[in-house]
1. Listed highest first by mean packing, meaning other Cβ atoms within 10 Å per residue, what order do 264-275, 187-198 come in?
2. Once the Cα atoms of region 19-115 are picked out, what are the Rg and Dmax in Å?
3. Explain nothing, just the number: relative contact order of region 150-430, from Cα pairs under 8 Å at least 6 residues apart, as a whole percent.
4. If contacts are Cα pairs under 8 angstrom and at least 6 residues apart, what is the relative contact order of region 2-123 in percent?
5. Once both labels are modelled 7 Å past Cα along the beta-carbon direction, what's the ARG291-ALA44 spacing in nm?
6. Neighbouring Cβ atoms within 10 Å as the yardstick, rank TRP12, TRP246 fewest first.
7. Could you work out how far the C-alpha centroid of region 175-221 sits from that of region 1-77, in angstrom?
8. How much of the DSSP beta bridge set in the chain is antiparallel, as a percent to the nearest 5?
Amino acid sequence: MIDVLVAVGHGWESRLVTAIDEVPGVRVARRCPDLADLLAAVAAGHGDVAIVSADLRGVGRDAVARMSGDGVAVVGASAEGDEPSERVLRQLGVETVVHPGLDRDELRERLGTAARSTARRADETQVDAGGPGGVGDDGKVADDEPVRGRVVAVWGPTGAPGRTTVAVGVASEAAALGVPTVLLDLDTYGASVAQALSMLDESPGIAAAARASELGTLDLVSLARLAPEVAPGLRVVSGVVSPQRWPELRASAVEQVLELARGLAPLVVLDLGFCVEEDEELSYDTAAPRRNATTLTALAVADDLLVVGAGDPVGLQRLVRAVQSLASVPSPQPRTVVNKVRAAAVGPDPRRRISESLERFAGLTGLVFVPDDPAATDAAMLAGATLAESAPSSPARLALRALAADLLDVEVPRAERHERRGLRRARTRSR
């Protein structure tokens, strides 16, 4: 027996309920007057399928995700021929839609398929299926698998190690190397990409994208409008203008934004907040927004991860602890970037000293070093420009360009390799 919860606000609700009651093996367990009552019934385990209409007040992607997460299949309902409502429901993540006029066999088939599909996904979540979808037994991607952009997450501990500097640098250098890139600011504690690139503080950015996702109106075209091109090949989705607005970024909405961003450009770079704690859930008796869910969601879907730490004793200690904390967080294999490297903070030959310390205390190897160049970074911030625009010969800029080229597996132009060698010789003579 499939128990159905119904929450639709139309005059045809009675016809829909009557049609469901006539289906063998299916019964209406509860008619919910609003979304709050529906969510309570789902949380209490009163149904196997929840039927909602597109104009149910408050229904959005987050509510659909919450019900699916509770093991209840979410099915949409609309009048026959109401294509706009069906489109909204599907954009909210609802895959199955029913109508009051469906015959019993078709209604039973759709409700049963939805319930079985949700139960199967719940089982797969508990059991490691082993490997991403779209990859066959021979390790090759299926021919019909659509091309998806690569997501690079930039994350690091508290203390301003330079996450935004690295994220902006990698994104801008990738675009300059001929790879169209989207930079998303997902820092819910201190978003600063817009300020770094002289974007208007009132630009809608990620908050508008998340809101559109919740309403089921976000698609590739609307996301492109929210991601203005600030340099050739570089689009930017700015962060929340105030840290107090973090509840607007629900995990399900962020997940859809990231999925659409993959179709917007071959490379997606994420600037993330520092905190990955999940204990905030314990502060509530009921389901509530989680401030760190944005970062945790981004880490879980990312293809590559750059962990940024500052090249001083305090920054390195925080970096070691940050890398250790990733062991309990779903995320890609981290690649460590040591930023603001200078002899004044750790002594002569800072790269060797830092390499030895991090390998000894954290087992970290293959480090990427970004030299400290406060004059260049200050000039870039003052101008609201990238390092490539304001200080193209800066050692920090050249290190970030090399990192971007390595991530993309492309060659740095020959002229720039000569420039870097010249800078190294000049520094050697000065020492």
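1. In decreasing order of mean packing, 264-275, 187-198 become 264-275, 187-198.
2. For region 19-115, the Cα-based Rg and Dmax read 12.5, 34 Å.
3. Reported relative contact order: 24 percent.
4. Relative contact order comes out at 28 percent.
5. Distance between the two pseudo-spin positions: 3.3 nm.
6. Lowest count first: TRP12, TRP246.
7. Here the answer is 34 Å between Cα centres.
8. That works out to approximately 5 percent antiparallel.
Every read-out reported here was derived from the displayed coordinates using simple, explicitly stated rules and does not represent laboratory data. Since the model is a prediction, treat every value here as computed from it, not as a measurement. Cβ sites come from the backbone with ideal geometry, for glycine too, and all protein chains shown count toward neighbours.
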